[in-house]
């Protein structure tokens, strides 16, 4: 049962990217888009994106790296482990769960930090990767979107956003273990 | 908020390392060379320098995959894939937002914003989302109070409906994962869970948060009857 699911997960993973690439190129060609020229023009932006995330990565990696070097991250994980293991969340993903709703750049940084500390294909690092890909920066979205139209009372928007994040983080933990380990 | 977290983390790390070295706190991690002075502060130095270095080498390593993806997304945008996805989403959206007329510009902007988000077109999604908020505000009777439609729209938005999390995949590839794309299916399903919860909470809690409040609600009654 689990093995079958894991096979499906790997097949979807392996097939998705080539499928998407071929599909986009095909639709582009059918719609008479000058695919090569447009691709190159868009690809230039990839460089900008990579350079743009450097300051955020440096800031977060240094801050989290210092906390880990002081031994505090392991201590925190050890303290929280009994509670987190009850709900099936690897304690090492705690930094990711805490930073994800706050900052997108921060989440990138914490993901890298988790990968470097535990190894890319370990359960904690893989879970953190799924967490990083499956939720958004709730506080940022609410601040920017409500701020843009001058809404001051946001009613239950924060609860909805944070409960959705919590659901995403729990689901990420459970699904990673079920589908990949 | 992030500002305070940043300052707090750095000062906390420094304080703990200092107190460990002075001997006030017991050593939190086994020191490498026991007879060395300031072992914990040295670890902190290494941590800071190495982290800063790895941030840059990682970002440089991501350029290739990001360029490939941004190029493809530009083609997708030009070929009208956002509009195609928006057409698929529209029936679901009109059912989720009964208080927004189906042909109101707010609906169009919301649907396009979600389609762009799903494809990972963050740069295109934000202006569409802000436009959606502006149109939703036109439908909103109390201009300082979030309407049900706004809360639901942002709840779905913050739940992060992305079909392919390319940045995460690129990072895993950079660190030589045996199967960088293996995370796709769990990520997609986790996102789905988070979106379902977002919709449920937004819908269920709506009636509990009053749409009336006294700030601009009823103006003070005139004295003359």
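The values are calculated or read from the model by the stated rules, or taken from the named source; none is laboratory data. Here the structure is a predicted model, which is why all the values come from computation and not from measurement. No Cβ is skipped: glycine too gets one built from the backbone with ideal geometry, and neighbour counts run over all protein chains shown.
Please go through region A:11-50 and pick out each residue that is surrounded by fewer than 17 Cβ atoms within 10 Å (Cβ to Cβ), facing chain B (nearest Cβ under 7 Å) and in a helix (DSSP H, G or I).
Scanning region A:11-50 gives A:14, A:21, A:40, A:41, A:47.
What are the pairs with Cβ atoms under 6 angstrom where one residue, in region A:116-142, is facing chain B (nearest Cβ under 8 Å) and within 18 Å of residue B:51 (Cβ to Cβ) and the other, located anywhere, is part of a helix (DSSP H, G or I) and modelled with pLDDT under 95? Sequence gap at least six, or different chains.
Going by the 6 Å Cβ cut-off, the qualifying pairs are A:120/B:172; A:132/A:107; A:132/A:111; A:132/B:168.
Here is a check on your reading of the model: is residue B:113 part of a helix (DSSP H, G or I), under 13 Å from the mean Cα position of the chain (by Cα) and in contact (Cβ under 8 Å) with a residue 24 or more places away in the chain?
Here the answer is no, as residue B:113 does not meet what is asked.
Considering only region B:51-60, I want to know if a residue exists there that is in contact (Cβ under 8 Å) with a residue 24 or more places away in the chain and in the same structural domain as residue B:14 (by TED's automatic domain parsing).
yes
For every residue, the table says whether it meets (1) surrounded by fewer than 20 Cβ atoms within 10 Å (Cβ to Cβ); (2) touching a helix residue (DSSP H, G or I) at 6+ places or on another chain (Cβ under 8 Å); (3) more than 7 Å from every other protein chain (Cβ to nearest Cβ); (4) at negative phi.
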{"residue": "B:154", "(1), (2), (3), (4)": "no, yes, no, yes"}
{"residue": "B:159", "(1), (2), (3), (4)": "no, yes, no, yes"}
{"residue": "B:162", "(1), (2), (3), (4)": "no, yes, no, yes"}
{"residue": "B:168", "(1), (2), (3), (4)": "no, yes, no, yes"}
{"residue": "B:177", "(1), (2), (3), (4)": "no, no, no, yes"}
{"residue": "B:182", "(1), (2), (3), (4)": "no, yes, no, yes"}
{"residue": "B:191", "(1), (2), (3), (4)": "no, yes, no, yes"}
{"residue": "B:194", "(1), (2), (3), (4)": "no, yes, no, yes"}
{"residue": "B:200", "(1), (2), (3), (4)": "yes, no, yes, yes"}
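Here is a yes/no grid of residues against (1) buried (at least 22 other Cβ atoms within 10 Å of the Cβ); (2) touching a helix residue (DSSP H, G or I) at 6+ places or on another chain (Cβ under 7 Å); (3) modelled with pLDDT under 85:
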position	(1), (2), (3)
B:63	no, yes, no
B:70	yes, yes, no
B:79	yes, yes, no
B:82	yes, yes, yes
B:87	no, no, no
B:103	no, no, no
B:106	yes, yes, no
B:111	yes, yes, no
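Take the residues in region B:32-60 that are surrounded by fewer than 16 Cβ atoms within 10 Å (Cβ to Cβ) and modelled with pLDDT under 85, then tell me which one is farthest from the chain's Cα centre (by Cα).
B:35
Restrict the check to region A:143-159 and report whether at least one residue is in a helix (DSSP H, G or I), buried (at least 17 other Cβ atoms within 10 Å of the Cβ), touching a helix residue (DSSP H, G or I) at 6+ places or on another chain (Cβ under 7 Å) and more than 8 Å from every other protein chain (Cβ to nearest Cβ).
Yes: one or more hits.
Please verify whether residue A:88 is under 22 Å from residue A:136 (Cα atoms) and surrounded by fewer than 17 Cβ atoms within 10 Å (Cβ to Cβ), treating the condition exactly as stated.
So residue A:88 passes the test.
Go through (1) touching a residue at least 40 places away in the same chain (Cβ under 8 Å); (2) within 8 Å of chain B (Cβ to nearest Cβ) and name the single condition residue A:102 misses.
Evaluating residue A:102 over (1) touching a residue at least 40 places away in the same chain (Cβ under 8 Å); (2) within 8 Å of chain B (Cβ to nearest Cβ) leaves (1) as the failure.
Identify all residues within region B:119-129 that are free of Cβ contacts under 8 Å to residues at least 40 places away in the same chain and within 15 Å of the chain's Cα centre (by Cα); write none if there are none.
B:122, B:123, B:125, B:126, B:129
Among the listed residues A:171, A:128, which satisfies the condition of being at pLDDT 90 or above, within 14 Å of the chain's Cα centre (by Cα), closer than 20 Å to residue B:62 by Cα and buried (at least 24 other Cβ atoms within 10 Å of the Cβ)?
Only one candidate qualifies: A:128.
Could we say that residue A:81 is under 29 Å from residue A:164 (Cα atoms), in contact with a helix residue (DSSP H, G or I) (Cβ under 6 Å, 6 or more places away or on another chain) and surrounded by fewer than 17 Cβ atoms within 10 Å (Cβ to Cβ) here?
Considered against the rule, which asks whether it is under 29 Å from residue A:164 (Cα atoms), in contact with a helix residue (DSSP H, G or I) (Cβ under 6 Å, 6 or more places away or on another chain) and surrounded by fewer than 17 Cβ atoms within 10 Å (Cβ to Cβ), residue A:81 comes out as yes.
Under 7 Å between Cβ atoms, which residue pairs at least 6 apart in sequence (or on different chains) link something in region B:94-107 that is more than 18 Å from residue B:203 (Cα to Cα) with a partner that is assigned to a loop (DSSP other than H, G, I, E, B)?
B:106/B:100
So which residues in region B:72-95 are part of a helix (DSSP H, G or I), farther than 12 Å from residue B:166 by Cβ and facing chain A (nearest Cβ under 7 Å)?
B:74, B:75, B:76, B:78, B:81
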